[in-house]
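Working notes for the structure below.
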Amino acid sequence: MFDVVVVGAGPAGCAAALEAARAGRSVALVERGPYPGAKNVYGGVVYGRVLDELVPRWWELMPVQRWVTRRSTMLMTGTQALTVDFRTEDWGRPPYNGATAFRADLDGWLASLAQDAGAVLVPSTVATGLLRDARGRVTGVSTDRPDGDLTAGVVIACDGVNSFLAKEAGLFRPEPGGRHLTLGVKETLALPRETIEERFALTGRDGLDLEILGCTRGIPGGGFLYTNLDSVSIGVVLGLPGLASAKVRPEELLTDLKAHPAIAPLVRGGRLTEYAAHLIPEGGYDSMPELVGDGILVAGDAAAMCLAAGIWLEGVNFALGAGMYAGRAAAAAVASGDTSATGLAGYRRLLEDSFVLADHRKLRRAPGLVFSERVQRQYPGLVCDVVQGMFQVDNPRPKPGLRRLLTRAARDRRVRLRHLLSDTLTGLRSFG
Amino acid sequence: MTDYRDSSFEARMSTVDFRVSDRAHITVDTEICRACTTRTCVHACPADLFVPTSDGGILFNYEQCFECGTCYQICDAQGAITWTYPDGGSGVAFRRG
């Protein structure tokens, strides 16, 4: 019997186990992989600010590849690319902002924090189902170990995007066709450290994170590229319904991206060291499950806590935050002797009072806009054409005005200006 | 067994560590697949594990599965794909995810 059983030793599960253990509770942290991170893939950047609450001077301890000091966003068509490239020295020194890391390193470190606080890590173990009492309250998990039932006051389901536990608990109703899911495929390409520094204009441990729109043949999604110490990771993210109807293989789109004139020079000569794929829950606030049940809490990807809002792409930070609050709420419920949904309701309040649900609620319309037909298929070309028109000198003709460029590009790209206006307003409402 | 793949895809998959379990964690009801016209699993699976057979069924190879879940999420035919996690400690083991 444990006070708290946490399923999944990713960022959410490790933070939950850490906080519950620190509150003096007995905690089991169950992980189906042979080591934490073995099953995990992400799109590259950990925003560690929330760790300030958990680990003083975490940046001296966290296994980081590079600190992101260059944050770029690229809109592309087959032959054009417009990049907004921002860099700041501030993000390359304490207290830092975002970092790239390998998940096996990052999740292993997070799990070690939980273990140091007293949580018991149980690797190579699948939580195969929920245990319930006569009234239906969750009282633990069954596992694939012999005599492997683990009883608990509270189960915290941090079992990832496919969360079978949240589904079994009746907290989550899957959408047909994976409507809110995207598939990410990623290659890690080894390059000498000096090559990365020269190619990306970086020094020391500084790093680049580049997000790309317009590289998926109109399938709702996008691309990304980020630097590790001596490798570059590059990937595409594809909405499942769009992928299903496009009849194209995911790695073909990745191959396309690597061959794009704006990207090819960045990855040239890279030796493939790992190919990876993972689903991402990108539906945002409106696709989240119930977060609290009798004896159970849900956090991280299992709770669809990935933010896919175009210019902001975050997930690990939400998982850490949600896990932290779940661990605290579970510990408090156990201490008070009420682990029913009512006793655990503090979790939801903690999330609502913090960035975890505040950001998601504020940006609830953003995924719909970002994955819309026009943003995906038409606007990258529209913007690229306008910029090309601005900088192309067509003497002896005089310069066209911006309005004329926009009208011309809209006509060529079949964009109706009233749609552009309404999407701009939606964007302002979503992001403002 | 994997001769349906080209050599570059083989090279791609050879960069991934798999600890293969004896138990197949995914089963495909090929009878249901015979009636399926979309076959979305065949092109969507990032590990290219679903192969149409000449008799209209689907052949599935579980050993090099990323355990992403795309196949069952995207499947148009109810109940064609039964998807579970592989046994604890087995399956894909990412090092750089």
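Bear in mind that the values in this text are calculations on the coordinates, not laboratory data. These numbers were taken from a predicted model, which means no experiment stands behind them. Because the Cβ atoms are built from the backbone with ideal geometry, glycine has one as well, and the counts that use them run over all protein chains shown.
Brief remarks on what is shown
- Qualifying residues in region A:130-143 (those that are surrounded by fewer than 19 Cβ atoms within 10 Å (Cβ to Cβ) and at negative phi) - the one farthest from the chain's Cα centre (by Cα): A:134
- Residue satisfying all of: in region B:86-97; more than 7 Å from chain A (Cβ to nearest Cβ) and either in contact with a strand residue (DSSP E or B) (Cβ under 7 Å, 6 or more places away or on another chain) or in a helix (DSSP H, G or I) (or both); farthest from residue A:238 (Cα to Cα) among these: B:90
- Residues that are within 12 Å of chain A (Cβ to nearest Cβ) and touching a Lys or Arg at 6+ places or on another chain (Cβ under 7 Å) within region B:53-85 comprise B:67, B:85, listed in sequence order.
- Test set (1) among the aliphatic types (A, V, I, L, M); (2) within 13 Å of chain A (Cβ to nearest Cβ); (3) more than 10 Å from the chain's Cα centre (by Cα) - residue B:32 fails condition number: (2)
- Within region A:27-71, the set of residues being within 17 Å of the chain's Cα centre (by Cα) and of a type in the set (S, T, N, Q) comprises A:40 only.
- Residue check for residue A:78: under 30 Å from residue A:259 (Cα atoms), in a loop (DSSP other than H, G, I, E, B) and more than 14 Å from chain B (Cβ to nearest Cβ): yes
- For region A:131-153, the condition holds for no residue, the condition being that it is part of a helix (DSSP H, G or I) and of a type outside the set (S, T, N, Q).
- Of all residues in region A:290-302, one or more are part of a helix (DSSP H, G or I) and out of contact with any strand residue (DSSP E or B) (no Cβ under 8 Å at 6 or more places or on another chain).
- With respect to being buried (at least 24 other Cβ atoms within 10 Å of the Cβ) and on the phi < 0 side of the Ramachandran plot, residue A:155 fits the description.
- For region B:4-22, the set of residues classified as without any contact (Cβ under 8 Å) to a residue 40 or more places away in the chain and either outside any helix (DSSP H, G or I) or of a type in the set (A, V, I, L, M) (or both) consists of B:6, B:11, B:14, B:15, B:22, listed by residue number.
- Screening residue A:231 with (1) surrounded by 15 or more Cβ atoms within 10 Å (Cβ to Cβ); (2) among the small types (Gly, Ala, Ser); (3) in contact with a Lys or Arg (Cβ under 7 Å, 6 or more places away or on another chain) gives one miss only, at (3).
- Residue within region A:193-207 that is within 14 Å of another protein chain (Cβ to nearest Cβ) and either under 23 Å from residue A:320 (Cα atoms) or hydrophobic (A, V, I, L, M, F, W, C) (or both) present: no
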